[in-house]
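One structure below.
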Amino acid sequence: AGIVFIAGCKKDDTTAPAVSLKGSSSMSVSLQSATTDPGDTANDDEDGDISSSVTSDWSTKVNVNLKGTVTVTYSVSDAAGNTGTATRTVIVVNDADYLAGTYATKDSVYNPLPPYISNYSETITASSTINNRIWVTRFGNYDNGAVYIDRVSSTQITLVNQTVTCGTPANARIFGNTFPSGGTISGITITLDYKETVISPASTAYAVSKWVKQ
């Protein structure tokens, strides 16, 4: 009688390893913040835990010095050459982004007298490179009056001394918060006391700007 031998067969490994993210698949980080990749784990049905072999492009994709949204890819291959991936969305934000928008603005010069009141529409934008910094496009209702203001906390702002060439005709002006105490944020309203010094012709005025978000 003949003898039949049946040899055991092993199926080819065609299953990709599973990559799991640590933390959320979508995360926000603040501009200029110290942030690190939350990491990941990887497991393969044949090779087991291969977390140490995972690579990511976090270091080349995530730039905390520039606002924007990027996709970080995590990738790993098992011994059979199967590749598994996972992705994470990282959003770099300015913590003052919520202040950006269109505002109804009232600028009141109260010293020297008589007072001068100007009502106009203002656009506020958030800086793409400096956290908690916003820009106003027409500060004091001057042509080309682009001035930056820093958010100190959820309720406070400050206008540091800065020189701008604005107005018609163009005059160099210095705006600052040395008088009396900077400004405040309350809900959708921003209020700022400031001193304006005109270089030519020389003059100084004290005023308050009030922005109400529309």
Can you find a residue that is at positive phi and modelled with pLDDT of 95 or more anywhere in the stretch 41-57? yes
Return the total of residues in the stretch 65-88 being aliphatic (A, V, I, L, M) and within 14 Å of Val29 (Cβ to Cβ). 3
Which count do you get for residues in the stretch 165-200 that are under 23 Å from Ser127 (Cβ atoms), open to solvent by 20 Å² or more (accessible area, probe 1.4 Å) and not small (Gly, Ala, Ser)? 10
Just checking, does the stretch 201-213 include any residue being basic (Lys, Arg) and under 30 Å from Ser33 (Cα atoms)? yes
One residue from Thr137, Thr129 being open to solvent by 60 Å² or more (accessible area, probe 1.4 Å), under 24 Å from Leu66 (Cβ atoms), out of contact with any Ser or Thr (no Cβ under 8 Å at 6 or more places or on another chain) and in contact (Cβ under 8 Å) with a residue 12 or more places away in the chain: Thr129
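The values are calculated or read from the model by the stated rules, or taken from the named source; none is laboratory data. Predicted, not measured: the structure shown is a model, and the values here were computed from it. Cβ: placed from backbone, ideal geometry, glycine included. Neighbour counts: every protein chain shown. Heads up: the accessible areas ignore ligands, DNA and RNA and are worked out on the full protein's heavy atoms, side chains in. Shrake-Rupley method; radii C 1.70, N 1.55, O 1.52, S 1.80 Å.
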